[in-house]
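To start, the structure itself, in structure tokens.
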């Protein structure tokens with residue numbers, strides 16, 4: 001859970017860097033940098049027994065391709081969404097990711113999902129509707145991009161979890177770099193431009209932090225069920241609101257603020273349930289007691 005919180009903090013600050021580049025660089029060029037600068041982290045990912053060829057060599061080629069494709073879609077669409085929307089608004093749609101992860105983890109991983117997890121994603125969905133208020137305001141291409149990013153990130157989490165136990169770390173991380181590098185590299189052809197020094201600084205911050213977030217998320221999904229790793233994503237909303245106010249001077253209206261609070265609190269539902277369960281185990285550590293409270 002701590003690794004997941006750190007991953008989403010890295011993603012949030014990385015997203016702020018991409019938003020700072022709005023209007024000066026092509027979105028696909030910005031997303032391409034996530035793969036390019038991410039290679040700087042590879043020496044810290046590679047284990048001693050791993051070969052550099054493991055970046056593209058895997059025992060699960062289909063899962064590798066799915067991870068690469070999902071990260072490509074997530075980076076390209078999220079950059080476009082943050083360039084077009086205020087950060088809290090873009091994040092509120094991307095926070096549908098735990099909803100999609102929960103559904104996919106049940107469908108493809110056969111992971112047990114308790115009622116508290118379903119309550120959490122349901123409350124989060126209500127919060128998203130309050131922020132967006134469809135029918136009362138116009139939705140545009142930026143909202144579609146944020147929704148695509150949510151689905152793509154969910155698929156990426158499931159793909160990590162599906163093959164994470166049997167794949168080299170370098171292979172898992174390599175797919176998250178190769179995907180954006182190839183996909184966005186093709187799409188930015190003919191539109192790329194040479195950035196100034198300020199642009200290079202923002203590109204470096206975006207790419208390095210995005211890669212660091214992928215590394216931390218990969219480690220988190222190897223240590224915990226996918227539906228649980230998805231829940232700390234709600235901490236990004238705190239980052240989004242703070243960065244939106246301090247860096248971009250974009251304020252939320254009353255309903256938007258209420259929706260953000262509901263979305264953020266929804267992520268705490270399952271966490272509180274886990275704390276209650278573990279506290280009971282600590283106070284009543286017998287096997288019989290653990291059996292009675294397993295379904296709390």
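The values are calculated or read from the model by the stated rules, or taken from the named source; none is laboratory data. What you see is a predicted model, and the numbers here were worked out from it, not measured in a lab. Because the Cβ atoms are built from the backbone with ideal geometry, glycine has one as well, and the counts that use them run over all protein chains shown.
Within segment 244-260, which residues are in a loop (DSSP other than H, G, I, E, B) and in contact (Cβ under 8 Å) with a residue 40 or more places away in the chain?
First, pick out the residues of segment 244-260 that are in a loop (DSSP other than H, G, I, E, B): 248-253.
Selection gives 248, 250, 252.
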(request) Within segment 176-199, count every residue that is touching a residue at least 60 places away in the same chain (Cβ under 8 Å), under 19 Å from residue 21 (Cβ atoms) and not in a loop (DSSP other than H, G, I, E, B). (result) 8
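Residues of segment 180-208 being under 17 Å from residue 40 (Cβ atoms) and either in contact with a strand residue (DSSP E or B) (Cβ under 6 Å, 6 or more places away or on another chain) or surrounded by 24 or more Cβ atoms within 10 Å (Cβ to Cβ) (or both), which ones? Spell out how you get there, then give the answer.
Taking segment 180-208 as the starting set, the residues that turn out to be under 17 Å from residue 40 (Cβ atoms) are 180-181, 200-208.
Within segment 180-208, 180, 206, 207 qualify.
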(message) For segment 132-143: of the residues being in a helix (DSSP H, G or I) and modelled with pLDDT of 80 or more, which is farthest from residue 257 (Cα to Cα)?
(response) 141
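Only one of 147, 129, 216 is in a helix (DSSP H, G or I), at pLDDT 80 or above, touching a helix residue (DSSP H, G or I) at 6+ places or on another chain (Cβ under 9 Å) and closer than 24 Å to residue 52 by Cα. Can you tell me which?
Numbers: 147 fails: closer than 24 Å to residue 52 by Cα; 129 fails: closer than 24 Å to residue 52 by Cα.
Only one candidate passes the filter, namely 216.
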